[in-house]
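Just below is one structure, and these are the notes that go with it.
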Amino acid sequence: MKEFGLFINGKWEAAEGGKTADTINPATEAPWAKVAVASRNDVKKAVAAAKKSFDSGVWRKKSKEERAKVLESIAAAIMERAEELAAAEARDGGGTIRKASFMDVPGTAGTFQEFARVLRASEEEQVFEETVPVPSKNIIRAEPIGVCAGIVPWNFPMIMASWKIAPAIAAGNSIVLKPASVTPVTALMIADICKSAGVPDGVVNVVSGPGAEVGEELATNADVGKIAFTGSTEVGRRIMQLASGTIKKVTLELGGKSPNIILDDADLDTAAMGALFGTFMHQGQICESGTRVLVPQKLYDTFIDKMIAGSKRITIGDTMDMMTTMGPLVSAAQLKTVGGYVDAGKSEGAECVLGGDRPANMKKGYYFNPTIFAGVNNKMRIAQEEIFGPVVAMIPYKTEEEAISIANDSMYGLGGAVWSKNKDRALGVARQIQTGTVWINDYHMISPRFPFGGYKQSGVGRELGPWGLAAYQEIKHIHVGESVPADQKIYFGALFN
Ligand code: NDP
């Protein structure tokens, strides 16, 4: 079995008291790695190492170009270890090796690569000559915040780690990252890769351990200046409260219940496959999944038939087989949650027209069949609450206005899509959807080049691109006034005769 410690100050460390936990492969239900479990004291040690490295200037004082080159080396090192990282990601989280190889590894490397580009293109210092309120030179500097904390979930452990580490270090910060307890391995591997690619000791630290202890220490520690969290809205609320004690900068990327609107002029065959891709990719465990599919009443039955037919092309099986396209849910707890929502959908009167149960041929693993609910109205729990499983709610609508109103009738506002052959018409709808991302004739097309985040209770702030870099910077204004006698400082006249 593979073993991992805590990654603190550039070294592998045992946790206080030698505490460890096994991480379970969701496809086999068997332990596959042993990982150190941090205590509050271990977190304090990691924060102290991060602070020391930040205060020393060993990283933040490097030029933009030097930092960008290290980020590019990290991206290259990730691709060199692609096979090993993909296998670890699939074993830890239950995603397929196909997804890990084609999405997670290149996506993680791509995030570091893109932040190297964003950093080079950014202005660390801008100068403005002004005459108002007095003649002066004004320097606007984008500076790192200090010690940043990242808390990430289990659905995309490696990409999510890169979304926190890459912008934090691009901006010159140090970071302490906490992975989800069920999927800690690849974040630890990325920390080791960062060191080997030239990141100085103490700049990137990764500590695995329980949210209530490790996460809460990070959210309250006075030496942490910023906290970036991805996960449930419930825990996001708690982090916002805890972070208020020391007025930390906060970025939250939370849950979603995203609308996927099929307009009556859409290419129905493509849209049906898109609706399946939008909800069943990675077993539906994606925050921006299009879990509410809104279909014109007159096309409703036809469209559902197309989705049922399309779902036959999904292959459930061994996660390490390249032909498998759907793996298990991450944990027994998540399996129970998803099963509970299926029961809730049925008891509220929705009709389960596909799935709703576990695949009979999978004797081990937390597998769940792709599940389609018809006859859903937007007030039902399966249309309002984040399920985080392969469950889609099909909602009929009569007019475009009604579709927009249903789409926006949610406490969430993360993602969504509009399908139409008429791009201008689709754009008109997209502009009225209250979410951070809307795709037209596509789904899940997230790029590190463009901002990602949520309206309403889906979050605070934006990650990725220049917007994501700015979230890890403080802005300073330095006013350089004229060195002239006091009687020429006209504003002094407000106080002195
Ligand atoms: P959580 O929000 O509980 O977990 C996300 C991260 O937060 C994990 O690293 C977790 O640590 C940590 N955490 C938990 N409690 C605290 C706390 N009090 N203070 C600080 N950090 C904490 O998600 P769950 O794993 O419980 O999943 C529950 C639901 O959340 C899912 O069904 C889904 O609806 C939603 N979710 C949304 C995600 C998204 O991307 N928007 C991602 C994952 C889940 P630990 O692992 O140790 O508990």
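Using a probe of 1.4 angstrom and keeping all protein chains present, the accessible surface of the chain works out to 41 square angstrom per residue. Working note: Karplus 6.51/-1.76/1.60 with θ = phi - 60° gives segment 306-314 the couplings 5, 5, 4, 5, x, 5, 5, 8, 8 Hz, where Gly and Pro are set to x.
Evaluating 6.51 cos²θ - 1.76 cosθ + 1.60 at θ = phi - 60° for every residue in segment 331-344, the Karplus couplings come out as 7, 4, 5, 5, 4, 5, 4, 5, x, x, 5, 5, 4, 4 Hz, glycine and proline recorded as x. Could you tell me which of A82, L71, T108 has its Cα farthest along the dipole of segment 1-111 towards the positive end, charges placed at Cβ (Lys, Arg +1; Asp, Glu -1), taken about the Cα centre? Selected residue: L71. Among 345-358, 243-256, 443-456, sorting by the average number of other beta carbon atoms lying within 10 angstrom of each residue, highest first, gives 243-256, 443-456, 345-358. Charge dipole of the chain (Cα centre as origin; +1 on each Lys and Arg Cβ, -1 on each Asp and Glu Cβ, all else neutral): 520 debye, rounded to the nearest 20. Here segment 130-283 is treated with +1 on each Lys and Arg Cβ and -1 on each Asp and Glu Cβ, and its dipole about the Cα centre works out to around 560 debye. Hey, if you put +1 on the Cβ of every Lys and Arg and -1 on every Asp and Glu Cβ in the chain, which of T183, G453, G94 ends up farthest toward the positive end of that dipole? The one lying farthest along the dipole's positive direction is T183.
The HN-Hα couplings worked out from phi for segment 372-381 by the Karplus form 6.51 cos²θ - 1.76 cosθ + 1.60 (θ = phi - 60°) are 10, 9, 9, x, 8, 10, 5, 8, 5, 4 Hz, whole numbers, x standing for Gly and Pro. Close amide-amide hydrogen proximity is noted between N260 and R292, V293, L294, A417, each under 5 Å apart and 5 or more residues distant or on a separate chain (H modeled in the peptide plane; Pro and chain starts excluded). The apolar share of the surface of the chain, taken as the fraction of accessible area on carbon and sulfur atoms (1.4 Å probe, ligands and nucleic acids excluded), comes to 54 percent. Protection proxy ranking, highest mean first, for peptides 162-171, 108-117, 433-442: 162-171, 108-117, 433-442, where packing is the per-residue count of other beta-carbon atoms within 10 Å, averaged.
Between the amide H of K19 and those of V37, distances stay under 5 Å, these residues lying 5 or more places away or on another chain, with hydrogens modeled in the peptide plane. Taking Cα centre as origin and charging only the Cβ of basic (Lys, Arg, +1) and acidic (Asp, Glu, -1) residues, the dipole magnitude of segment 70-171 rounds to 280 debye. Think of the chain as having a plus end and a minus end, set by charges on the Cβ of Lys, Arg, Asp and Glu; of I145, I308, T319, I145 sits farthest toward the positive end of this dipole.
The values are calculated or read from the model by the stated rules, or taken from the named source; none is laboratory data. Predicted, not measured: the structure shown is a model, and the values here were computed from it. Because the Cβ atoms are built from the backbone with ideal geometry, glycine has one as well, and the counts that use them run over all protein chains shown. Note: accessible area is taken over every heavy atom of the protein model, side chains too, but ligands, DNA and RNA are not part of it. Shrake-Rupley method; radii C 1.70, N 1.55, O 1.52, S 1.80 Å.
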